[in-house]
Amino acid sequence: MATNKQITKSDFRNGGGILILDFGSQYNQLIARRVRELGVYSEILPFDTDVQNILARRPSGIILSGGPSSVFAADANLTSKEIYELGIPVFGICYGMQLTTHLLGGEVTQGKIGEYGKSIFIKDSEHTLLHNIPEKSTVWMSHFDEVSRLPEGFVQFGHTSACIAGIANDEKGIYATQFHPEVAHTEYGKQIIENFVFKICKAKKNWDLSDYIDTSIENIRNMVGNQRVILGLSGGVDSSVAAMLIHKAIGDQLTCIFVDTGLLRKDEGKSVMVTYGAHYKMNIKHIDASKAFLSALKGVSEPEQKRKIIGREFVKVFDNEANKIKDASFLAQGTIYPDVIESKSAKGGPSATIKSHHNVGGLPEKMHLELLEPLKELFKDEVRALGLQLGIPEKMIMRHPFPGPGLGIRILGEVDKEKVQILQKADAIFIEELYRHDLYNKVSQAFVVLLPVKSVGVMGDERTYEYTAVIRSANTMDFMTAVWSRLPYDFLDLVSTRIINEVKGINRVAYDISSKPPATIEWE
Ligand code: XMP
């Protein structure tokens with residue numbers, strides 16, 4: 001692979017990347033990922049980004065994503081017709097194809113039944129976009145409206161039994177497919193994207209993760225000089241990778257603050273200190289604030305109130321510690337690309353929720369700290385790959401997400417020290433068995449929830465009256481929707497038996513078989 005230096009946003013302006021205009025499809029980030037996998041930088045911008053802004057980036061190609069909108073809707077997401085006149089190849093996907101047709105004078109009609117899931121795509125003619133693709137192949141469809149008449153100058157190069165599935169205007173460099181090439185179910189999807197990126201856009205490879213470390217280190221050193229940086233280390237993937245990268249760049253100029261809320265998983269505090277403190281010799285302040293958190297939570301059982309208290313307490317503790325580092329000029333954060341993609345169409349998205357607690361609200365303004373966010377251009381799997389390259393153990397890199405409020409929202413109702421300890425033990429057993437049975441990496445997020453419900457049981461000859469634990473395991477792509485994991489019965493049996501036998505305080509285990517929606521992954 002060509003090894004140009006890391007492409008930053010400013011490099012993008014020097015040309016070469018593939019720009020994705022976001023019309024709200026849930027697959028948008030996949031498009032960007034597919035392009036980056038090809039070694040070409042790609043960026044996602046809102047659908048109504050103005051042409052000047054697009055031109056300033058000098059992209060080698062533009063992709064119009066799919067989206068939930070219909071061109072017939074009064075408030076349809078439209079783009080300026082000018083983007084078809086820039087001399088930059090344009091590829092419309094799904095809604096992007098309907099929009100292109102609609103804007104350029106063709107006709108879109110409302111389909112009668114829609115077409116969802118797998119379909120067979122049949123080539124009508126050879127086309128550069130279809131290079132190396134057989135006459136018939138499986139594609140992924142998700143649409144109701146369809147193109148019924150092509151705009152002038154366009155040809156149809158493929159169809160399915162339900163619709164016109166591929167059109168092009170070679171002279172103007174405009175291409176479109178009704179199916180989603182970015183989705184894995186589209187058999188030759190990667191090839192189609194590759195054909196667009198290299199054969200049509202003639203993009204040059206300019207994105208290589210292995211160079212990212214060197215370039216980032218250089219950037220961080222230039223930016224920070226001999227000043228000090230503070231980082232809130234949570235033990236999660238993003239903050240850990242950011243910390244490792246910054247530490248590699250500036251060593252002890254970085255101070256990490258690790259707030260132990262007392263609501264962490266079993267031995268989590270210890271393992272963060274051993275890995276990053278003892279092993280990698282990072283400068284970490286381990287703040288044991290568990291007493292403060294537990295006392296602030298005393299008597300509180302309403303979930304939102306608990307979340308607010310934990311968030312407030314976190315800021316208080318972090319703020320207090322950060323203030324002690326008098327000469328700090330930067331606040332580093334493990335912000336990643338999905339957190340900063342500005343979407344006009346998607347409502348909130350998972351990152352909006354996920355980061356609410358961790359973004360240490362208002363701190364930089366108050367403390368006059370400049371933000372340092374070295375992972376801001378990376379997707380989660382790129383961050384993981386980078387973490388591995390930096391030497392973080394795979395087990396830590398592949399860990400399931402853990403919510404900021406921690407066990408505080410997995411102990412339903414009032415939280416106390418005893419319940420925290422009970423839950424930590426039960427959760428550790430579940431996770432240990434998932435690893436042992438090679439299931440941990442096959443589920444997206446797994447944990448135990450402690451209910452404040454006591455029920456009667458019998459152990460030996462004695463009647464017990466103890467808490468109920470719930471095993472929760474979910475499989476998901478984006479954490480916005482999820483299904484419960486189909487874990488084997490024998491495995492569940494083993495986990496249940498171990499928890500009841502080994503954890504004093506629990507005498508009943510249930511398995512959560514609710515999907516999201518309507519349930520959420522967490523219980524509070
Ligand atoms: P829900 O329960 O909304 O969770 O289905 C979706 C994902 O978000 C995580 N989550 C959080 N993460 N702070 C976080 O950092 C939070 O307050 C928070 N609440 C939920 C949850 O663990 C799951 O991965």
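General remarks:
- Only helices enter this figure: runs of n ≥ 4 DSSP H residues, each worth -39500 (n - 2.57), summed and divided by the residues of the chain, yield -9000 deg cm²/dmol at 222 nm to the nearest 500.
- When the pairs Lys81/Lys376; Lys270/Lys395; Lys298/Lys419; Lys291/Lys417; Lys298/Lys417; Lys266/Lys419 are compared against a 19 Å limit on Cα-Cα distance, Lys81/Lys376 fall above it.
- What region 191-295 shows is 39 Å² of accessible area per residue, with the surface traced by a 1.4 Å probe over protein heavy atoms.
- Apportionment of accessible area to carbon and sulfur, the chain, percent (1.4 Å): 51 percent
- The aspartates and glutamates within cross-link reach of Lys380, meaning a Cα-to-Cα straight distance under 15 Å and a gap of 8 or more places when in the same chain, are Glu37, Glu43, Asp238, Asp339, Glu394, Asp478.
- Dipole axis of region 238-346 (+1 Lys, Arg; -1 Asp, Glu on Cβ), positive-most option in Ile284, Ser239, Val300: Val300
- Pairs of lysine residues in region 106-220 that meet both criteria, 8 or more places apart or on different chains and Cα atoms under 23 Å apart, total 15.
- Relative contact order (%) - region 20-110, alpha-carbon pairs under 8 angstrom, separation at least six: 31 percent
- Here region 227-327 carries DSSP beta bridges of which approximately 0% are antiparallel, counting only pairs with both residues inside.
- Model label sites at Asp490 and Ile217, defined 7 Å from Cα along the beta-carbon direction, differ in position by 4.8 nm.
- Here the dipole of the chain is about 1020 debye; that uses its Cα centre as origin and unit charges on the Cβ of Lys and Arg (positive) and Asp and Glu (negative).
- Here region 1-143 carries DSSP beta bridges of which approximately 40% are antiparallel, counting only pairs with both residues inside.
- Cut-off under 5 Å, modelled amide H: who pairs with Gly457 long-range: Thr464, Tyr465, Glu466
- Positive end of the dipole of the chain (Cβ unit charges, origin at the Cα centre): among Gly311, Ile44, Ala73, the Cα lying farthest that way belongs to Gly311.
- Whole-Å semi-axes of the ellipsoid equivalent to the chain (Cα gyration tensor, √5λ, descending): 45, 30, 20
- Close amide-amide hydrogen proximity is noted between Ile411 and Leu450, each under 5 Å apart and 5 or more residues distant or on a separate chain (H modeled in the peptide plane; Pro and chain starts excluded).
- Taking the charge dipole of the chain about its Cα centre, with +1 at Lys and Arg Cβ atoms and -1 at Asp and Glu Cβ atoms, the residue from His131, Pro338, Asn323 reaching farthest to the positive side is Asn323.
- Calculated FRET value between Asp319 and Tyr465, using beta carbons and R₀ = 60 Å, to 0.05: 0.90
- Mean separation of Cα pairs under 8 Å and 6 or more residues apart, divided by the residue count, gives the chain a relative contact order of 11 percent.
- Estimated distance in nm for a label pair at Lys172 and Glu502, the labels positioned 7 Å out from Cα along Cα-to-Cβ: 6.5 nm
- Peptides 285-292, 374-381 ordered by packing proxy, namely the average of other Cβ atoms within 10 Å per residue, highest first: 374-381, 285-292.
- Here region 441-509 is assigned +1 on the Cβ of each Lys and Arg and -1 on the Cβ of each Asp and Glu. Its dipole about the Cα centre then comes out at about 140 debye.
- Packing here is the average count of other Cβ atoms within 10 Å per residue, and on that basis the peptides 47-57, 263-273, highest first, run 263-273, 47-57.
- One decimal place: the segment Lys190-Ser80 gains 36.8 nm when fully extended, by the rule 0.36 nm per residue minus the C-alpha distance.
The values are calculated or read from the model by the stated rules, or taken from the named source; none is laboratory data. The model shown is predicted, which means the values in this text are computed figures rather than measured ones. FYI the Cβ positions are ideal-geometry reconstructions off the backbone, even for glycines, and counts take in every protein chain you see. These area figures cover heavy atoms from the full protein model, side chains too; ligands, DNA and RNA do not enter into them. Shrake-Rupley method; radii C 1.70, N 1.55, O 1.52, S 1.80 Å.
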